[in-house]
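Engineer: Pasting a structure here, questions to come.
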Amino acid sequence: MRHLLSAADLSREEAITVLDTAATMAATQSREIKKLPALRGLTVVNLFFEDSTRTRISFEAAAKRLSADVINFAAKGSSVSKGESLKDTAQTLQAMGADAVVIRHSASGAPHRLATSGWIDAPVVNAGDGMHQHPTQALLDAFTMRRHLMPEGGAGAGLDGKRVVIVGDVLHSRVARSNVDLLHTLGAEVTLVAPPTLLPIGASTWPCRISYDLDAAIAEQAPDAIMMLRVQRERMSSAGGGFFPSAAEYSRRYGLDAARFEALPGHALIMHPGPMNRGLEISARAADSDRSTIVEQVANGVAVRMAVLYLVLAGNEGTPS
Amino acid sequence: MTDYLITGAQLPEGSITDLLLADGRIAATGSDAADMAGARAGAQVHRIDAHGLVALPGLVDLHTHLREPGREDAETVASGTRAAAVGGFTCVHAMANTTPVADTAGVVEQVWRLGEDAGWAQVRPVGAVTVGLAGEQLAELGAMASSAARVRVFSDDGLCVHDPVLMRRALEYVKAFDGVVAQHAQEPRLTAGALMHEGIVSAELGLTGWPAVAEEAIIARDVLLAEHVGSRVHICHLSTAGSVDIVRWAKARGIQVTAEVTPHHLMLTDEAIRGYDPQFKVNPPLRTAEDVQAVRDGLEDGTIDIVATDHAPHPSEDKDCEFAAAAMGMTGLETALSVVTEAMVADDSRDFGWQDLARTMSATPARIGRVTGQGRPLAAGEPAHVTLVDPSARWTVDPAGLRTASENTPFAARELPARVMATFYRGVATVLDGQPQDGSTR
Ligand SMILES: [Zn+2]
């Protein structure tokens, strides 16, 4: 794996390699000494053009547990607002000797530009770009599902035949796009549920089902996992696009309330990429239930990002024990 | 002044002839040309062997961004018209979105004079429809029309005259001096933050979509407004299949509408954006393969009247960045003829030959812009605006090798057919052997 730009770039074999490597990494994290020497002497730069403390900390922890040096570069006010250009920043990082760049950017495609424009030689890991992709989120979601839903923790397996329902603001969601791509690659059946205003024109060509009716989707799919996407309250105002009439109506039609929670199969996982809007897209009942993997997803995020950094930086030397 | 005796050129309709250019006119054609050249006492006659070349009336572009005044780092009137000459053009219409905006007689006269001084091609300034392109108040259209620049085309290009009342007034007002409003059809509310065509590719790439309906709704409104007030209206850079249908319907109804398509919309699709390369970012955006077929069909059947370049130079720093941050637009003056040749003339399944190219890239744009003396037939007595094209040549586009001051071509490294070998503007060779004739050689 040279870069990780999009979940769509991963073959089934590559995706399973990342998940298996992440499982190995996760096993080391229950040891007393969590640190592995795998990336000693290498420098990972976290280049964040958009605030995301959670994702940055997760990548930082992942790099440090592999003994890499970490430089955090917060470049708020990117060239979109005519600050320092992405190109100049990239060349600065190159000069500083970055061995890998983890980039988060509000502009879709910025990681792709960084990786393919000849500005920098280092591998690039996409930590979320605009409305495009967030591949490590999809990997950690798949990792979490596989662990719970597949026999013997899922080592070496995909998610064949598992039914996943993803609910919410698909239009603006890089998490939804990444998950549709990766879950399809791994053999799962995905259903997207959203009000029609929050589905992109063109989504009908994606490898998934689309529904506007959450109750029907739960009843028909009997999902093995349901993933609630964060909905920004400002999307309902006319300045925010006027995508839905009110928070109350959204919650009534698309929220995972107690009744819908009860309607799910008993084994169904309750997932959320965080941060949650309790009472809007998810009820406390669902979020705090013992089937919720929301906190576990955070821990799995570190293991998956360790695997990704390991594979792009030391990839062809086998998995560390 | 040098006379030019062009021998063995193929006229657009197919016949072979000689042409004598003297004193700014086509002095003679056929066997008369050589006879008269021999009889011209004291004149220096430069003979050009044009066997195998096609002679076209000098090309006329209705939609060019020359960037001066204000963005001379991207292009100047001199550099842009020099590129135009290399592309076979003898007349360009300079769009109004300069700094300051070309919304007064003073600015349009300045641009016109810069063109006259440069001498590469006739520069016809386009006047802004509204003051500062702000879409609120009509600019002094009459003053621009009666200025030395004799403006006949008015456009807020880059922005849409979206207020229907203002558009109606503009359409009515320019009738007094036989002007035309050239509309950049883009409903602003439907395209807030839009970066590319809204469809399958934008959904995957997570780039905010520019829906076809935002163009089509404005065109539908404007053809109906033009019908209501009995005015002519021109549609800039029409890009969707639906727009072609609407214009076809309007023409069948007798509405005085004309439309243009750009070379890039005849050739490229939104699939080009998958690599997030800002060289493919343009407004209106590249559309789908079905739209490309529809605009080619529309150009072939006459629904679309002309090809216009929308030549939009930008300095490299405005393209060497994230897709969202990049400027919109691509250069086109030096590739237009080749792209149209590839998309239309070279396609044997289409009824579109050199005559059609001459009509859509010279005669009709001159007529829409009310440019007398351009786009004329290649006949004795006509002004000597002539372009010689080698239809069998093939060349590879090198952005740094183009004469425009900017390198933002979407056709980099692409091999294209047909090459402009010579351009004559007012009887003067601006291009010979494919090379611009700078300074004293001209
Ligand atoms: Zn325009």
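The values are calculated or read from the model by the stated rules, or taken from the named source; none is laboratory data. Quantities reported herein were computed from a predicted structural model and do not represent experimental measurements. Here Cβ is always computed from backbone atoms with ideal geometry, including for glycine, and neighbour counts include all displayed protein chains.
Engineer: Right, residue A:117: under 17 Å from residue B:326 (Cα atoms), surrounded by fewer than 22 Cβ atoms within 10 Å (Cβ to Cβ) and in contact (Cβ under 8 Å) with a residue 12 or more places away in the chain or not?
Structural biologist: On the way: under 17 Å from residue B:326 (Cα atoms): yes; surrounded by fewer than 22 Cβ atoms within 10 Å (Cβ to Cβ): yes; in contact (Cβ under 8 Å) with a residue 12 or more places away in the chain: yes.
So residue A:117 passes the test.
Engineer: What is the one condition in (1) at pLDDT below 95; (2) closer than 30 Å to residue A:180 by Cβ; (3) within 14 Å of chain B (Cβ to nearest Cβ) that residue A:51 does not satisfy?
Structural biologist: (3)
Engineer: Residue by residue through the stretch B:99-114, note down the ones that are surrounded by fewer than 23 Cβ atoms within 10 Å (Cβ to Cβ) and outside any helix (DSSP H, G or I).
Structural biologist: B:99, B:100, B:101, B:104
Engineer: Scan the stretch B:108-116 and tell me whether some residue there is over 27 Å from residue B:228 (Cα atoms) and within 16 Å of the ligand (Cβ to nearest atom).
Structural biologist: Going through the stretch B:108-116, the residues over 27 Å from residue B:228 (Cα atoms) turn out to be B:108-116.
Narrowing further to those that are within 16 Å of the ligand (Cβ to nearest atom): none.
Within the stretch B:108-116, none of the residues are over 27 Å from residue B:228 (Cα atoms) and within 16 Å of the ligand (Cβ to nearest atom).
Engineer: Filter the stretch B:308-318 down to the residues that are within 22 Å of the chain's Cα centre (by Cα) and more than 16 Å from the ligand (Cβ to nearest atom) and list them by number.
Structural biologist: Our first condition is that a residue be within 22 Å of the chain's Cα centre (by Cα); within the stretch B:308-318, this holds for B:308-315.
Result: B:315, single match.
Engineer: Condition first: under 16 Å from residue B:218 (Cα atoms), away from the ligand (no atom under 16 Å from the Cβ), surrounded by fewer than 24 Cβ atoms within 10 Å (Cβ to Cβ) and more than 14 Å from every other protein chain (Cβ to nearest Cβ). Can you find one or more residues in the stretch B:168-177 that meet it?
Structural biologist: Scanning the stretch B:168-177, I find at least one residue that is under 16 Å from residue B:218 (Cα atoms), away from the ligand (no atom under 16 Å from the Cβ), surrounded by fewer than 24 Cβ atoms within 10 Å (Cβ to Cβ) and more than 14 Å from every other protein chain (Cβ to nearest Cβ), so the answer is yes.
Engineer: Only one residue in B:342, B:334, B:317 is without any contact (Cβ under 8 Å) to a residue 60 or more places away in the chain and of a type in the set (D, E, K, R). Which one? Don't jump to the end; show me each part of the working.
Structural biologist: Numbers: B:342 fails: without any contact (Cβ under 8 Å) to a residue 60 or more places away in the chain; B:334 fails: without any contact (Cβ under 8 Å) to a residue 60 or more places away in the chain.
Of the residues listed, the single one that is without any contact (Cβ under 8 Å) to a residue 60 or more places away in the chain and of a type in the set (D, E, K, R) is B:317.
Engineer: Suppose the filter is at pLDDT 95 or above and among the charged types (D, E, K, R); does residue A:9 pass it?
Structural biologist: On the way: at pLDDT 95 or above: yes; among the charged types (D, E, K, R): yes.
The answer is yes for residue A:9.
Engineer: Then there's this: Pairs under 9 Å by beta carbon, first residue within 16 Å of the ligand (Cβ to nearest atom) in the stretch B:281-307, partner of a type in the set (Phe, Trp, Tyr), six or more apart or different chains?
Structural biologist: If the second residue must be of a type in the set (Phe, Trp, Tyr), the pairs left are B:281/B:323; B:283/B:210; B:284/B:210; B:285/B:210; B:286/B:280.
Engineer: Among the residues that make up the stretch B:261-269, is at least one of them closer than 25 Å to residue B:169 by Cα and in the same structural domain as residue B:203 (by TED's automatic domain parsing)? Please lay out each step first, then the result.
Structural biologist: So the first thing to find is which residues in the stretch B:261-269 are closer than 25 Å to residue B:169 by Cα, and the list is none.
No, because not a single residue in the stretch B:261-269 is closer than 25 Å to residue B:169 by Cα and in the same structural domain as residue B:203 (by TED's automatic domain parsing).
Engineer: Considering the stretch A:1-21 alone, what residues qualify as being more than 14 Å from chain B (Cβ to nearest Cβ) and in a helix (DSSP H, G or I)?
Structural biologist: Taking the stretch A:1-21 first, the residues more than 14 Å from chain B (Cβ to nearest Cβ) are A:1-2, A:4, A:10-21.
A:12, A:13, A:14, A:15, A:16, A:17, A:18, A:19, A:20, A:21, listed by residue number.
Engineer: If you check every pair at least six apart or on different chains, which have Cβ atoms under 8 Å apart with a residue in the stretch B:351-366 that is farther than 13 Å from residue B:341 by Cα first and a residue that is of a type in the set (Lys, Arg) second?
Structural biologist: Filtered contacts from the stretch B:351-366: B:363/B:376; B:366/B:376.
Engineer: Can you pull out the residues in the stretch B:297-318 that are surrounded by fewer than 21 Cβ atoms within 10 Å (Cβ to Cβ) and under 15 Å from residue B:282 (Cβ atoms)? Break it down stepwise before answering.
Structural biologist: Quick first cut of the stretch B:297-318, residues surrounded by fewer than 21 Cβ atoms within 10 Å (Cβ to Cβ) only: B:297, B:300-302, B:315-318.
Hit for the stretch B:297-318 is B:318, nothing else.
Engineer: For the condition surrounded by 23 or more Cβ atoms within 10 Å (Cβ to Cβ) and out of contact with any helix residue (DSSP H, G or I) (no Cβ under 8 Å at 6 or more places or on another chain), what is the one hit in A:176, A:188? Before you say what the answer is, go through the steps one by one.
Structural biologist: Numbers: A:188 fails: out of contact with any helix residue (DSSP H, G or I) (no Cβ under 8 Å at 6 or more places or on another chain).
Every option except A:176 fails the conditions.
Engineer: Then there is this: Can you spot a residue in the stretch A:21-35 that is surrounded by 22 or more Cβ atoms within 10 Å (Cβ to Cβ) and touching a Ser or Thr at 6+ places or on another chain (Cβ under 8 Å)? Let's see the steps before the verdict.
Structural biologist: Looking only at the stretch A:21-35, we keep the residues that are surrounded by 22 or more Cβ atoms within 10 Å (Cβ to Cβ), and these are A:22, A:25.
Those still in the list that are touching a Ser or Thr at 6+ places or on another chain (Cβ under 8 Å) too: none.
The answer is no, given that none of the residues of the stretch A:21-35 is surrounded by 22 or more Cβ atoms within 10 Å (Cβ to Cβ) and touching a Ser or Thr at 6+ places or on another chain (Cβ under 8 Å).
Engineer: Is it the case, given these coordinates, that residue B:404 is buried (at least 23 other Cβ atoms within 10 Å of the Cβ), outside the structural domain of residue B:78 (by TED's automatic domain parsing) and in contact with a Lys or Arg (Cβ under 9 Å, 6 or more places away or on another chain)?
Structural biologist: Numbers: buried (at least 23 other Cβ atoms within 10 Å of the Cβ): yes; outside the structural domain of residue B:78 (by TED's automatic domain parsing): yes; in contact with a Lys or Arg (Cβ under 9 Å, 6 or more places away or on another chain): yes.
The answer is yes for residue B:404.
Engineer: Just one of B:211, B:188 is within 16 Å of the ligand (Cβ to nearest atom), touching a residue at least 12 places away in the same chain (Cβ under 8 Å), surrounded by fewer than 21 Cβ atoms within 10 Å (Cβ to Cβ) and under 25 Å from the mean Cα position of the chain (by Cα); which is it? Give the derivation first.
Structural biologist: Values: B:211 fails: within 16 Å of the ligand (Cβ to nearest atom).
Only one candidate passes the filter, namely B:188.
Engineer: Continuing with this model, one more query. Criterion first (touching an Asp or Glu at 6+ places or on another chain (Cβ under 9 Å) and small (Gly, Ala, Ser)) does residue A:268 satisfy it? So that I can check it myself, show each step before the final result.
Structural biologist: Values: touching an Asp or Glu at 6+ places or on another chain (Cβ under 9 Å): yes; small (Gly, Ala, Ser): yes.
Criteria met by residue A:268.
Engineer: Let me ask something additional. All but one of (1) more than 27 Å from the chain's Cα centre (by Cα); (2) modelled with pLDDT of 95 or more; (3) part of a loop (DSSP other than H, G, I, E, B) hold for residue B:42; state the number of the condition that does not hold.
Structural biologist: (2)
Engineer: Also, quick follow-up: Name, by its number, the condition in (1) at positive phi; (2) crowded, with 21+ Cβ neighbours inside 10 Å; (3) more than 16 Å from the ligand (Cβ to nearest atom) that does not hold for residue B:237.
Structural biologist: (3)
Engineer: Name the residues in the stretch B:398-422 that are under 17 Å from residue B:88 (Cβ atoms) and touching a Pro at 6+ places or on another chain (Cβ under 9 Å), would you?
Structural biologist: Here is the first cut: in the stretch B:398-422, the ones under 17 Å from residue B:88 (Cβ atoms) are B:401-404, B:409, B:411, B:416-422.
Residues satisfying the conditions are B:403, B:404, B:409, B:411, B:417, B:418, B:419.
Engineer: Still on this structure, I have one more. Quick check, is residue A:89 crowded, with 18+ Cβ neighbours inside 10 Å, over 17 Å from the mean Cα position of the chain (by Cα) and within 14 Å of chain B (Cβ to nearest Cβ)? Break it down into steps so the answer makes sense when it comes.
Structural biologist: Numbers: crowded, with 18+ Cβ neighbours inside 10 Å: yes; over 17 Å from the mean Cα position of the chain (by Cα): yes; within 14 Å of chain B (Cβ to nearest Cβ): yes.
So residue A:89 passes the test.
Engineer: While we're here: Quick check on my filter: what residues within the stretch B:85-101 are more than 18 Å from the chain's Cα centre (by Cα) and within 16 Å of the ligand (Cβ to nearest atom)? It would help to see each step written out before you state the result.
Structural biologist: At the first step, the residues of the stretch B:85-101 found to be more than 18 Å from the chain's Cα centre (by Cα) are B:99-101.
Passing the criteria: only B:101.
Engineer: Restricting to the stretch B:248-265, count the residues that are within 16 Å of the ligand (Cβ to nearest atom) and among the aliphatic types (A, V, I, L, M).
Structural biologist: To start, the set of residues in the stretch B:248-265 that are within 16 Å of the ligand (Cβ to nearest atom) comprises B:258-265.
With among the aliphatic types (A, V, I, L, M) added as a condition, the list becomes B:259, B:261.
Result for the stretch B:248-265: 2.
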